[in-house]
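**Q** What follows is a single structure, and I will ask about it in a moment.
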Amino acid sequence: MFKSALDYQDFTSYDRFDMRGHALDWANQPSVFKEYGGIEHLPLVIPGNFSQVSLSDLHDNRLETTPESSFSHSSLSSVLTLCHTITAKARYGASYFYYRSVASAGALYPFETYICAINVDGLEPGRYHHNVARNSLQKLPGGASRTELEEIFSPSKFENPILVFFLTVIFFRSSWKYRERAYRYHLLDTGHLLENLTLALKYIQSDFNILLDFNDSKANQFLNIDATREACLAAVTVPSRTGPVNWPDLVSAGLSTDLSGCSKVSVAEIQYRAINDIHLLTSDINDAPDNSGKGAFSLGLNLEFVRKIDRVAKTAKPVGYPECVFSRRSSRNFVKLEMSSEDFDWMLLLAGASTSEQGRNCGCNVVVTGFLAQSVQGLSNGFYIFDETDQSIYRAKKGSLSDDMTRICLDQAWLANCAVHFLLMFNMLEVERRFGHRGYRRAMLAAGRIGQRLYLAAASLRLGCCGIGAFYDAEASKLLGLNDESRLTYLLGVGPLKKRSQNNRPE
């Protein structure tokens with residue numbers, strides 16, 4: 001049993017001289033689509049046209065929210081389509097691969113989305129599963145009561161909701177490939193999905209609250225899932241701002257039909273104890289979180305001020321937000337060309353934006369955004385930190401480090417051609433001191449959200465982006481000079497591409 005998330009992080013670290021390779025069990029490859037057999041599909045209405053607002057408008061909250069007492073079916077369709085949808089397909093051998101709008105390690109897509117409809121026009125109140133393959137909703141048997149939801153979230157955090165989104169992960173989808181290390185990707189990938197969901201809600205000008213502290217067992221029971229195989233990691237509520245909700249008389253969930261078997265995605269699944277242990281450890285909730293912290297100065301680095309970033313950075317992007325979502329890819333065909341300072345500053349501002357907006361119950365800005373500059377206009381090569389509190393860049397190390405980091409990232413040679421490596425890090429013990437063991441989930445989800453932002457920002461600029469969660473952990477910390485409490489958790493390579501249509505990875 002782990003005593004801290006740092007124990008888990010070190011237990012699952014990669015070591016160049018102690019890598020135990022394993023062959024993938026293709027006969028037990030997990031299904032990436034969850035199905036509820038025998039339950040009617042309610043098609044989502046795909047919007048004909050999306051207005052091309054910019055990512056800047058969404059992140060800067062320039063679209064005013066509209067008070068709602070109910071949620072329309074068309075709005076829900078728009079949100080789910082922008083949040084998670086199939087964007088293309090390609091044939092590989094005898095089968096098809098389906099590209100999606102959400103980034104995922106190894107293209108394994110461990111996440112699922114459920115909703116509890118309370119006041120949604122055209123939908124009977126109750127619990128639904130979002131079927132991505134069919135672009136539909138399936139209403140789960142039984143209903144839901146306000147009492148059950150308040151037992152999950154506590155009444156003080158559950159203000160007049162008209163709609164609740166639940167984001168879960170199915171453990172074996174990622175652990176099939178990544179084994180014990182998979183819980184890292186469960187959190188990062190759910191963060192990708194959470195960011196897409198919040199952007200979609202902003203796009204339709206809906207208010208929302210992000211809830212990350214809740215009763216795990218009550219949430220899993222409410223969703224009628226097998227908690228040993230699938231678990232809820234995040235929730236988002238859409239509150240009524242026009243007065244108290246006329247809560248419908250919903251039938252108690254009652255679980256008249258056991259659907260937990262649908263959480264199984266392979267014939268012979270392996271349940272890794274390390275994943276169970278870290279998930280159990282981070283189930284504890286700290287009722288009195290500490291929102292103060294050292295931020296960029298928590299990593300033990302000697303920082304030298306370089307410059308502030310102008311908040312009036314370029315905001316008119318060649319590609320609007322909806323097109324960014326549908327065109328997002330992981331690309332590896334980078335070419336050594338310089339990235340303009342204007343484009344870089346804009347991406348850095350998006351990466352460093354608060355991850356707790358409109359979600360006062362969710363969050364902490366504990367993730368530190370850094371970068372290795374290799375071909376960035378106006379910046380000499382080196383390791384830098386961006387401090388979001390004063391919108392400033394600080395240098396931690398001089399010199400080119402990208403080739404060294406490429407070797408640390410399991411010698412993936414294409415990384416050396418990126419203009420910049422974005423680095424997401426945090427002081428793990430500080431997070432636990434401030435937020436308890438649950439803080440690990442918060443920080444990793446936040447890193448995933450930032451990663452998805454960078455993916456979309458790169459698509460907006462017609463640049464390439466690819467996230468890396470596999471690296472030799474101790475070597476990365478040593479190269480960057482992090483203190484013993486801090487770890488690199490996510491790296492994203494960004495830069496110009498040789499040809500946009502070639503070698504785009506599915507994940």
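The values are calculated or read from the model by the stated rules, or taken from the named source; none is laboratory data. These numbers come from a predicted model, not from an experiment. Here Cβ is always computed from backbone atoms with ideal geometry, including for glycine, and neighbour counts include all displayed protein chains. With ligands, DNA and RNA removed, areas are computed over all heavy atoms of the protein, side chains included. Shrake-Rupley method; radii C 1.70, N 1.55, O 1.52, S 1.80 Å.
**Q** Mind listing whichever residues of segment 374-416 are aliphatic (A, V, I, L, M) and buried (at least 17 other Cβ atoms within 10 Å of the Cβ)?
**A** Residues satisfying the conditions are Val376, Leu379, Ile385, Ile393, Ala396, Leu401, Met405, Ile408, Leu415, Ala416.
**Q** How many residues does segment 332-343 hold that are touching a residue at least 40 places away in the same chain (Cβ under 8 Å) and out of contact with any Cys (no Cβ under 6 Å at 6 or more places or on another chain)?
**A** Qualifying residue count, segment 332-343: 7.
**Q** Another one. Please return the ranges of strands (runs of 3 or more DSSP E) entirely within segment 78-181 where 2 or more residues are within 22 Å of the chain's Cα centre (by Cα) and β-branched (Val, Ile, Thr).
**A** In segment 78-181, the matching strands (runs of 3 or more DSSP E) lie at 86-92, 111-117, 161-170.
**Q** On to the next question. Please indicate, with yes or no, whether at least one residue in segment 406-413 is under 25 Å from the mean Cα position of the chain (by Cα) and assigned to a helix (DSSP H, G or I).
**A** yes
**Q** Separate question: Residues Leu303, Leu348: which one is of a type outside the set (Lys, Arg) and either out of contact with any Ser or Thr (no Cβ under 8 Å at 6 or more places or on another chain) or at pLDDT 95 or above (or both)?
**A** Criteria check complete, one pass: Leu303.
**Q** Of the conditions (1) under 23 Å from Cys324 (Cβ atoms); (2) free of Cβ contacts under 8 Å to residues at least 60 places away in the same chain; (3) surrounded by 14 or more Cβ atoms within 10 Å (Cβ to Cβ), Leu55 fails just one. Which one is it?
**A** Failed condition: (2).
**Q** State all residues of segment 121-130 that are open to solvent by 10 Å² or more (accessible area, probe 1.4 Å) and either in contact (Cβ under 8 Å) with a residue 60 or more places away in the chain or touching a helix residue (DSSP H, G or I) at 6+ places or on another chain (Cβ under 7 Å) (or both); if no residue qualifies, say none. Can you show your working first?
**A** Taking segment 121-130 as the starting set, the residues that turn out to be open to solvent by 10 Å² or more (accessible area, probe 1.4 Å) are 121-125.
Asp121, Gly122, Leu123, Pro125 - these are the residues of segment 121-130 that are open to solvent by 10 Å² or more (accessible area, probe 1.4 Å) and either in contact (Cβ under 8 Å) with a residue 60 or more places away in the chain or touching a helix residue (DSSP H, G or I) at 6+ places or on another chain (Cβ under 7 Å) (or both).
**Q** OK, next. Given Tyr92, Tyr98, which one is open to solvent by 20 Å² or more (accessible area, probe 1.4 Å) and touching a Lys or Arg at 6+ places or on another chain (Cβ under 7 Å)?
**A** Tyr98
**Q** Do you know which residues across segment 213-239 are under 17 Å from Pro155 (Cβ atoms) and part of a loop (DSSP other than H, G, I, E, B)?
**A** Within segment 213-239, Asp213, Phe214, Asn215 qualify.
**Q** Listed residues Arg449, Arg434, Arg442; which is open to solvent by 10 Å² or more (accessible area, probe 1.4 Å), touching a helix residue (DSSP H, G or I) at 6+ places or on another chain (Cβ under 9 Å) and in a helix (DSSP H, G or I)?
**A** Just a single option satisfies the conditions, and that option is Arg442.
**Q** Just wondering, is there one or more residues in segment 36-46 that are at pLDDT below 90, of a type outside the set (S, T, N, Q) and within 28 Å of Val325 (Cα to Cα)? If you could, list the steps in order and put the result at the bottom.
**A** Looking only at segment 36-46, we keep the residues that are at pLDDT below 90, and these are 45-46.
Going one step further and asking which of them are of a type outside the set (S, T, N, Q), we end up with 45-46.
Keeping just the survivors that are within 28 Å of Val325 (Cα to Cα) gives 45-46.
Yes, the conditions are met somewhere in segment 36-46.
**Q** Return only the number of the condition from (1) of a type outside the set (D, E, K, R); (2) farther than 30 Å from Gly142 by Cα; (3) open to solvent by 40 Å² or more (accessible area, probe 1.4 Å) that Leu42 does not satisfy.
**A** Only one criterion is unmet by Leu42, namely (2).
**Q** Checking Met428 against (1) in contact with a Lys or Arg (Cβ under 8 Å, 6 or more places away or on another chain); (2) open to solvent by 30 Å² or more (accessible area, probe 1.4 Å); (3) aliphatic (A, V, I, L, M), only one condition comes out false. Which one?
**A** Single failed check for Met428: (2).
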